[in-house]
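S.K.: Sharing a structure, written as structure tokens. Questions coming.
No lab work stands behind these numbers, since they all come straight from the coordinates. Keep in mind it's a predicted model, so treat the numbers as computed, not measured. All Cβ positions, even for glycine, are placed from backbone atoms using ideal geometry, and neighbour counts span all protein chains on display.
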Amino acid sequence: MPKKLAAGNWKMNGLREALAEVKALNDACPTHDCDVLICPPATLMRSMAKVCDDMQIDVGGQDCHENTSGAHTGDISAPMLADTGATYVILGHSERRATYGETDRQIRAKTTAAWNANLTAIVCIGETLEERDAANTLDIVGAQLATSVPDNATAATLVVAYEPVWAIGTGKTPTLSEIEEVHTFIRNRLTDRFGAEGAEMRILYGGSMNPKNAADIAAVPNVDGGLVGGASLKASDFIHIVQALNA
């Protein structure tokens, strides 16, 4: 079984004082069986990497450009992320897809760029409420997975995050059986495409995972961790998710 991953996506939240939350998380759980990752805003990445240097906590970026350098004002390349001490990067998050119109092919290019910089890519896929209501969830997820993920993915370079768009930040979550259906579908697609590597790739659930529902979601087959938003900002909340994934 792949080692579970508790990944916190801070989004556009956090000033330098927020580094105290990472220290508090480590103090509360200095050792753990699951992997723990925090993806802070870019302004905190280097500082957080220094704080986490002696901790079992990894640091990741929230996005990267597909090019390594160039005239791309405001963008950050994968080598730049790696230079801060990052080891992961989130790609294709639904907010990036919706707000910036990122396509599956762009995410595929960014994933390759991340791998070239020795970063593990967390590729996000998931359906909107309209798509779920139209019973198109598996079609949407399958198409995004096929096009967003390059052909040479391995368990060491790729993590897939299923995030039902309608559940992010709303407090709503799919039923456990609905989560299992989609995660099993993703697992089957990964093993069909990548064989033994696909069987070991981690599939995270992302969509209003919180201290109250984390244990139940973590127990669902083929859920290998969580991509957590708001509940990762405070150590007092995130620690319960880490502990649920340790069980």
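S.K.: What does the net charge come to around L91 if you take all other residues with beta carbon closer than 14 Å to its beta carbon, with K and R at +1 and D and E at -1? Don't skip to the end; give the middle numbers.
M.R.: Details: positive: R96, R97, R105, R108, K110; negative: D63, E66, D75, E95, E102, D104, E163.
Net local charge, L91 excluded: -2.
S.K.: Okay, next question. Using a Förster distance of 51 Å, how high is the FRET efficiency between T191 and A42, based on the Cβ-Cβ distance and rounded to 0.05? Walk me through the numbers on the way to the answer.
M.R.: On the way: r = 35 Å, r/R0 = 0.68.
Efficiency at R0 = 51 Å is approximately 0.90.
S.K.: Can you check what the net charge comes to around A109, using other residues whose Cβ is under 11 Å from the Cβ of A109 (Lys, Arg +1; Asp, Glu -1)?
M.R.: On the way: positive: R105, R108, K110; negative: E66, E102, D104.
It works out to a net charge of 0.
S.K.: Something else about it: How many angstrom lie between the C-alpha centres of segment 119-133 and segment 162-183?
M.R.: Here the answer is 10 Å between Cα centres.
S.K.: Search the structure for amide H atoms under 5 Å from the amide H of G229, placed 1.01 Å from N in the peptide plane, and list their residues when 5 or more places away or on another chain.
M.R.: It is N9, S208, M209, by chain and number.
S.K.: Another one. Given the options A49, C39, I122, identify the residue whose Cα lies farthest towards the positive end of the charge dipole of segment 20-154 (+1 on Cβ of Lys, Arg; -1 on Cβ of Asp, Glu).
M.R.: The listed residue farthest towards the positive side: A49.
S.K.: If you don't mind, there's one more thing I want to ask. Just order 16-29, 114-127 by mean Cβ neighbour count inside 10 Å, highest at the front, would you? Walk me through the numbers on the way to the answer.
M.R.: Values: 16-29: 16.4, 114-127: 23.1.
Packing order, densest peptide first, comes out as 114-127, 16-29.
S.K.: Please list, in order, the residues from segment 158-191 whose amide nitrogen is less than 17 Å from a point placed 7 Å along the Cα→Cβ vector of K212.
M.R.: 167-176
S.K.: What FRET efficiency would be calculated for the residue pair N118, T184, taking the C-beta separation as r and a Förster radius of 22 Å, to the nearest 0.05?
M.R.: Details: r = 31 Å, r/R0 = 1.40.
My answer for the efficiency is 0.10.
S.K.: Could you calculate the contour length gain from L15 to A219, that is, 0.36 nm times the residue separation minus the distance between their Cα atoms, to one decimal place in nm? If you can, show how the numbers build up before the last one.
M.R.: Details: separation 204, 0.36 × 204 = 73.44 nm, distance 3.39 nm.
Gain in length upon complete extension: 70.0 nm.
S.K.: Quick one: Cα centre-to-centre distance for segment 135-154 and segment 193-247, in angstrom?
M.R.: Spelled out, the Cα-based centre of one part sits 20 Å from the other.
S.K.: For the chain, what relative contact order do you get, as a whole percent, if you take Cα pairs closer than 8 Å and at least 6 residues apart? Provide the component values of the computation, followed by the final result.
M.R.: Values: 495 pairs, mean separation 53.6, N = 247.
Contact order relative to length: 22 percent.
S.K.: If you don't mind, another one. Can you work out ³J(HN,Hα) from phi for every residue in segment 131-147, in order, using Karplus 6.51 cos²θ - 1.76 cosθ + 1.60 and θ = phi - 60°, giving whole Hz and x for Gly and Pro?
M.R.: Ordered by residue, 3J(HN,Hα) equals 5, 5, 4, 8, 6, 9, 3, 5, 5, 5, 4, x, 5, 5, 5, 5, 8 Hz.
S.K.: Can I ask one more? Please compute the contact order of segment 57-149 in relative form: average sequence separation of alpha-carbon pairs under 8 Å and at least six residues apart, divided by the residue count, as a percent.
M.R.: Details: 137 pairs, mean separation 27.1, N = 93.
Across segment 57-149, relative contact order equals 29 percent.
S.K.: For the chain, what is the calculated [θ] at 222 nm in deg cm²/dmol (nearest 500), taking -39500 (n - 2.57) for each run of four or more DSSP H residues and dividing by its residue count?
M.R.: Values: 11 runs with 102 residues, N = 247.
Counting only the DSSP helices, I get -12000 deg cm²/dmol.
S.K.: A further question on this structure: Report, for segment 66-212, the % of DSSP beta bridges that are antiparallel, rounded to 5.
M.R.: Numbers: 0 of 13 bridges.
Taking every DSSP beta bridge with both residues in segment 66-212, the antiparallel ones total about 0 percent.
S.K.: In segment 1-33, which residues have a backbone nitrogen under 20 Å from the label point lying 7 Å from K50's Cα in the Cα-to-Cβ direction?
M.R.: Hits in segment 1-33 for K50 at 20 Å: 14-27.
S.K.: With the crude spin-label approximation of a point 7 Å out along Cα→Cβ, what separation in nm comes out for L176 versus A247?
M.R.: For the pair L176/A247, the computed spacing is 0.9 nm.
S.K.: Starting from the Cα gyration tensor of segment 35-187, take the square roots of the eigenvalues, sort them a ≥ b ≥ c, and report rounded, prolate or oblate (rounded when a/c is under 1.5, otherwise prolate if a/b is larger than b/c, else oblate).
M.R.: Values: a/c = 1.84, a/b = 1.55, b/c = 1.19.
Prolate, since a/c reaches 1.5 and a/b exceeds b/c.
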